[in-house]
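The values are calculated or read from the model by the stated rules, or taken from the named source; none is laboratory data. None of these values were measured; they are calculated from a predicted model. Every residue, glycine among them, receives a Cβ derived from its backbone with ideal geometry; neighbour counts consider all protein chains shown. The area values use the complete protein model at the heavy-atom level, side chains included, leaving out ligands, DNA and RNA. Shrake-Rupley method; radii C 1.70, N 1.55, O 1.52, S 1.80 Å.
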Amino acid sequence: MTPDQAERWQGRRRMPCLRWAEATIGDGARIVRVRVLPGWSAAVHSVVLTTDRGPVQAVIKRYVKPWVRDEPHVPGNEVAALRLLQGTAIPVPRLFGAELVATACDAPAVLMSRVAGRPRASAQVLAASIPR
């Protein structure tokens with residue numbers, strides 16, 4: 001993804017989060033596609049990266065909702081749950097990285113692998129819940 005394409009995606013303030021995702025994946029990762037996904041408690045984007053090992057499909061979940069300021073433990077709880085469930089029979093994303101204190105990203109963020117499936121809430125409820 002060129003810097004111009006990324007700016008059109010979400011604007012300059014979110015660009016550092018894309019660079020953080022590339023650095024976290026490593027192996028020369030470059031984002032080549034970004035797509036908005038439905039999300040309930042966060043802004044969620046599917047990203048495809050090219051790497052020296054081949055393509056990687058990932059998800060960036062950014063906790064942009066105002067209530068996260070009052071409940072800052074929520075992103076960390078998600079990270080803990082993903083770590084706890086890794087290697088079990090429950091299909092959970094692989095955790096690539098987390099930015100629990102927004103330093104590189106515009107909000108706390110979790111970077112994980114993409115897994116098959118869809119949210120259980122209706123599209124209308126999801127669309128109304130996240131500012132784009």
In whole angstrom, and with the biggest value first, how far do the Cα coordinates of the stretch 29-73 range along each principal axis? 40, 19, 11
On a full-extension model of 0.36 nm per residue, what is the gain between TRP40 and VAL115, subtracting their alpha-carbon distance, rounded to one decimal in nm? 25.3 nm
Charges on Cβ only, +1 for Lys and Arg, -1 for Asp and Glu, centred on the Cα centroid of the stretch 15-107; of TRP67, VAL32, ALA89, which one is farthest towards the dipole's positive end? VAL32
Which residues qualify? For VAL32, with a placed amide H closer than 5 Å and at least 5 residues away or on another chain, they are VAL48, LEU49, THR50
What accessible area per residue, rounded to a whole number of Å², is obtained for the stretch 25-71 using a probe radius of 1.4 Å? 51
So if I place +1 on the C-beta of Lys and Arg and -1 on the C-beta of Asp and Glu, and nothing else carries charge, what would the dipole magnitude of the stretch 25-125 be about its Cα centre? I want it in debye, nearest 20. 360
Hand me the chymotrypsin sites (Phe, Trp or Tyr not before Pro) from the stretch 18-115 located in a DSSP loop with no more than 15 other Cβ atoms within 10 Å, in residue order please. TRP40
If you place +1 on the Cβ of every Lys and Arg, -1 on the Cβ of every Asp and Glu, and leave all else neutral, what size is the dipole of the stretch 50-97 about its Cα centre, to the nearest 20 Debye? 80
Determine the gain in length on full extension of the stretch ALA89-ASN77; use 0.36 nm per residue of separation and subtract their C-alpha separation, reporting nm with one decimal. 2.3 nm
